[in-house]
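Below is one structure, written out as structure tokens; comments come after it.
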Amino acid sequence: MPGPLSSSRPGGDRAVVLLDFDGPLCGLFARRPAPAVAAVLLAVLRREGVVLPGAEDPHGLLARLPRALAERGVRAGERGRLVELVDLTLTREEIAAARCAEPTLGAAAAVVALAGAGVRLGVVSNNARAAVEEYLPRVGLAEHLAKHVVGRPGDPALMKPDPGGIREALRGLGVGEGETGGCVYIGDTPTDAAAAHAAGVRFLGWTGGSALRRERLIASGVAGNNLFDAWSTLFETESSMSKSVITAR
């Protein structure tokens, strides 16, 4: 039975596959849980005299931070300093997490197969670029992905679902405007799907076998035939990865 990527028509020399980092490639916070990282960020803010409600998602916390500070009357210059401080703290936590992150089953083999098929590859993530670069050599993927990594922008407002990161990656891979028909972005959240849609590229959702993740993606408008539970099911068969990626249907 054909997998979702086999019908994406990213054929010929235009084939481009962009990947989210945490989830599709690895479990970044598998051993350093995201709620614990969010607690570190909140503690940093408390030391600066800013008390915010508890949070479990460090990236959601960072995304909401400029507005939360403004609502508390923090001046613009000070807001910028605090956002930068939290961003740098999150980057350090992500780098530490990358050193013990758990590889997603089948992801490395899929990347190698795609690269071998001549598909151009990149990573677009709301995680820090330095964290991605810390992880890739651990699993032998630096040669395939490290040259085209777009990490978290300095302005939290430009994180996904803003399409800027995907567009930047496409430009880096030589894809011009109007040439995105053969491009795919693989992510695992509704914000990933929204970013892909806004950038004009096809979205494929990795669920990792999670019913909740699948439900959230479908609820956000992602078609069920654009979701896959495991890398081995993304293609028609594991042994025909290369052919299914580059062959137009």
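The values are calculated or read from the model by the stated rules, or taken from the named source; none is laboratory data. Everything numeric in this text was worked out from a predicted model, so none of it was measured. Virtual Cβ from ideal backbone geometry, glycine too; neighbours counted across all protein chains shown.
List of remarks:
- Here Ala109 clears all of (1) in the same structural domain as Leu65 (by TED's automatic domain parsing); (2) more than 29 Å from Val40 (Cα to Cα) except the condition numbered (1).
- Among residues of the range 84-96, those that are within 12 Å of Glu48 (Cα to Cα) and crowded, with 18+ Cβ neighbours inside 10 Å, counted: 1
- Looking across the range 184-213, just one residue is among the charged types (D, E, K, R) and over 21 Å from Glu168 (Cβ atoms), and that is Arg213.
- Meets criteria (at pLDDT below 95 and either under 24 Å from Ser210 (Cβ atoms) or out of contact with any helix residue (DSSP H, G or I) (no Cβ under 8 Å at 6 or more places or on another chain) (or both)) for Gly73: no
- The selection criterion, being in contact (Cβ under 8 Å) with a residue 12 or more places away in the chain, part of a helix (DSSP H, G or I), outside the structural domain of Met159 (by TED's automatic domain parsing) and of a type in the set (Asp, Glu), holds for Glu93.
- Number of residues in the range 172-229 that are farther than 23 Å from Leu158 by Cα, in a loop (DSSP other than H, G, I, E, B) and free of Cβ contacts under 8 Å to residues at least 24 places away in the same chain equals 5.
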